[in-house]
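Participant: Starting off with a structure, shown below.
The values are calculated or read from the model by the stated rules, or taken from the named source; none is laboratory data. Nothing here was measured: the structure is a model prediction, and the numbers come from that model. Note: ideal-geometry Cβ built from the backbone for every residue, glycine included; neighbour counts use all protein chains shown. Surface areas here come from the heavy atoms of the whole protein model, side chains and all, with no ligands, DNA or RNA. Shrake-Rupley method; radii C 1.70, N 1.55, O 1.52, S 1.80 Å.
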Amino acid sequence: QVHVVESGGGSVQAGGSLRVSCAVSRGRTKDYCMAWFRQAPGKEREGVVFISEDGTPTYADSVKGRFTISEDNAENTLVLQLNSLKTEDTAKYYCAADLRFSSCTWRGLIPGRYADWGQGTQVTVSS
């Protein structure tokens with residue numbers, strides 16, 4: 001399994017922006033099915049965005065139009081830009097990955113279909 005490590009996040013006022021990054025331990029992000037999830041205290045884990053086989057991101061309705069995922073120049077890191085942040089975006093954000101032998105679209109935003117998870121990074125949005 002690949003190891004993934006999140007970085008970034010932090011705290012910001014509503015309407016502001018933050019960035020979270022996910023680095024893979026080996027290879028490129030395109031070698032894996034990858035996704036971002038988030039979980040607030042007392043809430044179930046929620047999908048944020050996943051990358052399809054063709055590289056097309058699919059965003060959850062709650063973040064569509066505000067969050068943008070991209071790959072860094074070295075192609076080993078996914079960067080999730082969080083814009084127009086709302087207080088309800090407050091959560092610990094997790095990067096998830098798995099081998100691409102199964103469909104990335106099938107994995108989608110279902111947490112149990114990803115084998116490798118990062119430690120998470122906190123995003124806090126204040127009013």
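Participant: Residue check: is Ser84 assigned to a strand (DSSP E or B) and open to solvent by 50 Å² or more (accessible area, probe 1.4 Å)? It would help to see each step written out before you state the result.
Facilitator: Details: assigned to a strand (DSSP E or B): no; open to solvent by 50 Å² or more (accessible area, probe 1.4 Å): yes.
So Ser84 fails the test.
Participant: Considering only the range 12-56, give the strands (runs of 3 or more DSSP E) lying wholly within it that have at least 3 residues that are out of contact with any Pro (no Cβ under 9 Å at 6 or more places or on another chain), closer than 18 Å to Gly120 by Cβ and open to solvent by less than 20 Å² (accessible area, probe 1.4 Å).
Facilitator: Working: elements: 18-24, 32-39, 46-51.
Strands (runs of 3 or more DSSP E) meeting the threshold: 18-24, 32-39.
Participant: Yes or no: the range 57-80 includes at least one residue that is touching a residue at least 60 places away in the same chain (Cβ under 8 Å) and either under 10 Å from the mean Cα position of the chain (by Cα) or surrounded by 14 or more Cβ atoms within 10 Å (Cβ to Cβ) (or both). Give the derivation first.
Facilitator: The initial filter retains those residues of the range 57-80 that are touching a residue at least 60 places away in the same chain (Cβ under 8 Å), namely 79-80.
From what is left, the residues that are either under 10 Å from the mean Cα position of the chain (by Cα) or surrounded by 14 or more Cβ atoms within 10 Å (Cβ to Cβ) (or both) are 79-80.
Scanning the range 57-80, I find at least one residue that is touching a residue at least 60 places away in the same chain (Cβ under 8 Å) and either under 10 Å from the mean Cα position of the chain (by Cα) or surrounded by 14 or more Cβ atoms within 10 Å (Cβ to Cβ) (or both), so the answer is yes.
Participant: Which of the residues belonging to the range 97-114 are over 27 Å from Leu18 (Cβ atoms), in contact (Cβ under 8 Å) with a residue 40 or more places away in the chain and assigned to a loop (DSSP other than H, G, I, E, B)?
Facilitator: Arg100, Ser102, Ser103, listed by residue number.
Participant: Also, I was wondering about something else. Which count do you get for residues in the range 77-97 that are under 18 Å from Phe50 (Cβ atoms) and either at pLDDT below 95 or of a type in the set (A, V, I, L, M) (or both)?
Facilitator: Matching residues across the range 77-97 total 7.
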